[in-house]
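Q: Just passing along the structure, written as structure tokens.
Where a number appears in this text, it was derived from the coordinates with a stated rule and is not lab data. This is a predicted model, so every value here is computed, not measured. Here Cβ is always computed from backbone atoms with ideal geometry, including for glycine, and neighbour counts include all displayed protein chains.
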Amino acid sequence: MDLDYKALQDRLAATGYVAEDALAMALCLAIGLQRPLLLEGEAGVGKTAVAKALAELQGARLIRLQCYEGLDAGSTLYEWNYQRQLLAIKAHERDGASAAEVERQIFSEAYLMRRPLLEAISQDSPPVLLIDEIDRADEEFEAFLLEVLSDFQVTVPELGTIAARAIPQVVLTSNGTRELSDALRRRCLYAWIDFPAAEKELSILQARLPGVDRALAAQAVRFVQALRKEELEKVPGIAETLDWAAALSGLDLDRLDRDPVALQASLICLLKTRTDQAAVTPEVTARLVGQAAE
């Protein structure tokens, strides 16, 4: 079992994801021990991007299960393709097939529609299974998920038990909208991801947008870092920083104070609610630009 987290850190950086030591170690252990990894943190800190980067550096398929309130087992495991089954039934009836033969035909894998969890354990090589925003699902689904992750097998009544061909690397994310069960936490390795410090965020920006002028990138990062300290409904995440930096570069702004009107208009990349856009007035923007220039 290779536990060289520094090498993994370098490989992640090559995909454009800059991971701190603690996260790189957590990923390294999760891979080596074949354990699920639970990532918690505020929305926008790059939790989902971890799974995408992990899949890229391993050359693995990324299978994503987006959680939401009311999510149930059926929508995450499998469904039968009822339309195809009905067509097959009519065709077999014309051919004079017996009821038992028709049933055997239509309840086969050819008519099975795999949903993310079943799809993940049906791969010939280990995929990365991203269970995104598990805190949005209810506790009943969380309990069901624990059973699947413990055995990595699923029972389809008409077909029997389907065991994993290859154990997926599982990454779960949570924004902390509700407390997760102790059972789930015990099952997973854990890492907390916070908004990055200015130096790390600049490294991320340069890795993802190498064409953006370094001086402009540094000012943009300092501006966003200061903006996050304002009273906002939705604090801009790393994705918003990247969008904004790309927009500034596209507007040919070599520094933030070059064109105040264009700069203010560009804040739609960072401010995603009407209240936040109203709160960050041109006066507030000028103050933040002053801090970014220091």
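Q: If you take the beta carbon distance between Ser75 and Gln277 as r and set R0 to 25 Å, what does 1/(1 + (r/R0)^6) give as a FRET efficiency, to the nearest 0.05?
A: Once the sixth-power term is evaluated, E becomes 0.10.
Q: So what's the angle, to the nearest 10 degrees on a 0 to 90 scale, between helix 139-151 and the longest Cα principal axis of the chain?
A: Helix 139-151 sits roughly 70 degrees off the main axis of the chain.
Q: On to the next question. Can you sort Glu79, Glu69 by how many other beta carbons sit within 10 Å, fewest first?
A: Ordered by Cβ neighbours within 10 Å, fewest first: Glu69, Glu79.
Q: Would you mind telling me which residue in Arg11, Arg165, Arg84 has the biggest mean-square fluctuation in a Gaussian network model of the chain, where springs connect alpha carbons within a distance under 10 angstrom?
A: Among Arg11, Arg165, Arg84, the largest mean-square fluctuation in the Gaussian network model of the chain belongs to Arg84.
Q: Follow-up question, since we're still on this one. In debye, nearest 20: dipole of the chain around its Cα centre with unit charges on the Cβ of K, R (+) and D, E (-)?
A: Value, rounded to 20: 520 debye.
Q: Would you calculate a helix-derived [θ] at 222 nm for the chain, using -39,500 (n - 2.57) for each DSSP H run of n ≥ 4 and dividing by the full residue count, to the nearest 500?
A: Calculated mean residue ellipticity at 222 nm is -14500 deg cm²/dmol.
Q: Which one of Arg64, Arg94, Arg228 has the biggest mean-square fluctuation once the chain is modelled by GNM with Cα springs under 10 Å?
A: Taking springs between Cα atoms under 10 Å, the residue moving most is Arg94.
Q: In which sequence would Thr15, Thr161 go, from the one with the fewest C-beta neighbours within 10 Å to the one with the most?
A: Ranking Thr15, Thr161 by Cβ neighbours within 10 Å, fewest first, gives Thr161, Thr15.
Q: Candidates [x] 0.95; [y] 1.10; [z] 0.98; which is the computed Rg/Rh (Cα atoms, Kirkwood Rh)?
A: [y]
Q: Using the alpha-carbon atoms, what tilt in degrees (0 to 90, nearest 10) does helix 82-95 show relative to the longest principal axis of the chain?
A: Taking Cα atoms only, the helix is inclined about 30 degrees.
Q: Related question: If the cut-off is 18 Å between C-alpha atoms, which aspartates and glutamates fall inside it for Lys6, apart from same-chain ones fewer than 8 positions away?
A: Within the straight-line cut-off, Lys6 pairs with Glu20, Asp21, Glu56.
Q: A further question follows. Can you put Lys47, Lys52, Lys234 in order, fewest other beta carbons within 10 Å first?
A: Lys234, Lys52, Lys47
Q: Hey, in the GNM for the chain with a 10 angstrom Cα cutoff, which one of Phe141, Phe223, Phe107 fluctuates hardest?
A: In this elastic network of the chain, the residue with the biggest mean-square fluctuation among Phe141, Phe223, Phe107 is Phe107.
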